[in-house]
Amino acid sequence: MKTSSKIGLILIPFTCILLCLSSCHNNDKDDMTVIPTTPLYDTLGWFIQGATGQVAGQGTKMIADPDNDGQKIQAGRLAIRTVVNKALGIIASDNRLAVYFPTLLAEVGDGNTTGLAHLLNSFTDFVQTAVSKQDVYKGPDMKTVHNHATFARFGSADHPTSNKQDFDVFVGDVAQAAQSLNVPASVIGQLGTLLYTTEGDIAYDAD
Amino acid sequence: MTMKLWQKIKWTLIGLVGLAFLLFLTLVIHIGVMVYHKGPLPFEHIQMARTDFLSPLDSKQIAQLKSNLGAQKGIKSIYLNTKDHNVVYSFDNRENSASSIYQNAINEMHIKAKPYTVSAKDLESGCPVMNNHSFYGKLTSVISKAIN
C-alpha cells in the first residue's frame, strides 16, 4: 500500500473531527452574543427580584440561584422555574393529569436524581424558549411526543392522544400555580396565551 | 500477492478502528463541552410523593396532616388537593423516603388513605424525560462527574 493512502486513512477521520469541533465552536460563539429576551421575560425576571426598579433587561440578568448553591441563573428563568415547580405539584395531584406524568411520582432510590428534577428542567427549558425566544429547549417537538403513534411513551393504543379538555386542565393548573405565587393576572394571561399556541400540537381536537 | 492483500486488510482495519475511536472521542468532547460547568440540576434530589384519601378530610384532620408532614425530616413542600382528596408532598431523597414519611405522618392518623404508587409499566409511558439508563445517558453522567 502506498504511503499516501495510508496518510489519507489517518487524515480523513481527523478532518471529520476538526469539522465537527469547529462547528461546535461556532455555536458557542453565537451563545456569547446578545441573549434574546422579550418584554414578558423581562417582566418575569423583574417580578422574581421583588418587582422594583426598571423592567427592561431584568429577564436575562444573572442572579444567584436560591435552590442551587454556587450556581447563577437568569432571573427570567428562575421565575419560570418557580412557577413550573409549583405547577408540577398541582399536576401530580390532579387525577386527570397525573397519568400523563408518572415520572413525577415514581419511587427513586435514595440519593438518585429524581424524575421531578428532570421534568422540571426540561419543562423550564421549554417555557423559557417560548417566552424569551432563546434556544434552550433541545427536546423533541410537541406534536411528535404527544401522539402514541409517533412516540410510544405517550398514551396507549386505546388512548393515543390528549384532548382539548386535558389541555385546558393543564393550563388551569399552571395558572393556579402562578396565582398562588402572586404573579399579576396580566402576566398569567400572557403566559396562558403563549401556552395555548402549543395546543394545536398537543390536543388532537384543537380548533 | 497474499501479503499485499493482508497489508491492505490490516490498514483498512486500522483505519476503521481509528475512525470509530475518533468519532467516539468527538462524542465525548461534545458531551464534555455541553456539560462543562453546568453544575448539578436544581432540585436534583427533590422527590415527589402522593397519598389519596378515601373520604374528604375535616379541618381538624387537615391541620393535623399538615403539621405531621411538616415535622418530617427533609420535607420541602406540601400541597393539599381538597377537590380530588389527596396530598402531594416533596422531600429530599437523601434525607427521607416516601414510605417512611407515609408511615410516620399519615398512617399513624388512622384515616383511610392509600399511597399513590407508580408501576414499572406506568413509567414506560408518559411525558418524555431523558432516559438516564440509556448508553448516552450513562456516558453523559460519567463525563459530567469527571470534569465538573
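The values are calculated or read from the model by the stated rules, or taken from the named source; none is laboratory data. Nothing here was measured: the structure is a model prediction, and the numbers come from that model. Glycine also receives a Cβ, built like all others from the backbone with ideal geometry; neighbour counts cover every protein chain displayed. Heavy atoms of the whole protein, side chains included, go into the accessibility calculation; ligands, DNA and RNA do not. Shrake-Rupley method; radii C 1.70, N 1.55, O 1.52, S 1.80 Å.
Quick check, is residue B:94 at the interface with chain A (Cβ under 8 Å from one of its Cβ atoms) and in contact with a Pro (Cβ under 8 Å, 6 or more places away or on another chain)? No: the conditions fail for residue B:94. Among the residues of region B:63-96, those that are among the hydroxyl-bearing types (Ser, Thr, Tyr) and open to solvent by 40 Å² or more (accessible area, probe 1.4 Å) comprise B:67, B:77, B:79, B:82. Of all the numbered requirements in (1) in contact with a strand residue (DSSP E or B) (Cβ under 9 Å, 6 or more places away or on another chain); (2) surrounded by fewer than 17 Cβ atoms within 10 Å (Cβ to Cβ); (3) under 30 Å from residue A:69 (Cα atoms), residue B:54 misses one, and that requirement is (3).
Residues in region B:34-50 that are surrounded by 17 or more Cβ atoms within 10 Å (Cβ to Cβ) and among the charged types (D, E, K, R): B:44, B:50.
Residue A:99 meets the conditions (1) open to solvent by 40 Å² or more (accessible area, probe 1.4 Å); (2) at the interface with chain B (Cβ under 7 Å from one of its Cβ atoms); (3) farther than 30 Å from residue A:38 by Cα in every case but one. The failed one is (2). Annotation: of all residues in region B:40-65 being more than 26 Å from residue A:102 (Cβ to Cβ) and charged (D, E, K, R), the one that is nearest to the other protein chains (Cβ to nearest Cβ) is B:58. Considering only region B:5-22, state which residues are open to solvent by 90 Å² or more (accessible area, probe 1.4 Å) and at the interface with another protein chain (Cβ under 8 Å from one of its Cβ atoms). Within region B:5-22, B:8 is the sole residue that qualifies.
When region A:156-169 is limited to residues that are within 14 Å of chain B (Cβ to nearest Cβ) and in contact (Cβ under 8 Å) with a residue 12 or more places away in the chain, the one that is nearest to the chain's Cα centre (by Cα) turns out to be A:167. Looking for something in contact with a Ser or Thr (Cβ under 7 Å, 6 or more places away or on another chain), within 19 Å of residue B:119 (Cβ to Cβ) and surrounded by fewer than 16 Cβ atoms within 10 Å (Cβ to Cβ) - is there at least one such residue anywhere in region A:107-122? The answer is no; no qualifying residue exists. Within region A:123-180, being open to solvent by less than 20 Å² (accessible area, probe 1.4 Å) and assigned to a loop (DSSP other than H, G, I, E, B) holds for A:134, A:154. For region A:181-207: of the residues being in a loop (DSSP other than H, G, I, E, B) and under 16 Å from residue A:48 (Cβ atoms), which is least open to solvent (accessible area, probe 1.4 Å)? Applying the filter and picking the extreme gives A:183. Scanning region B:7-56 for residues that are free of Cβ contacts under 8 Å to residues at least 24 places away in the same chain and more than 24 Å from the chain's Cα centre (by Cα) yields a total of 21.
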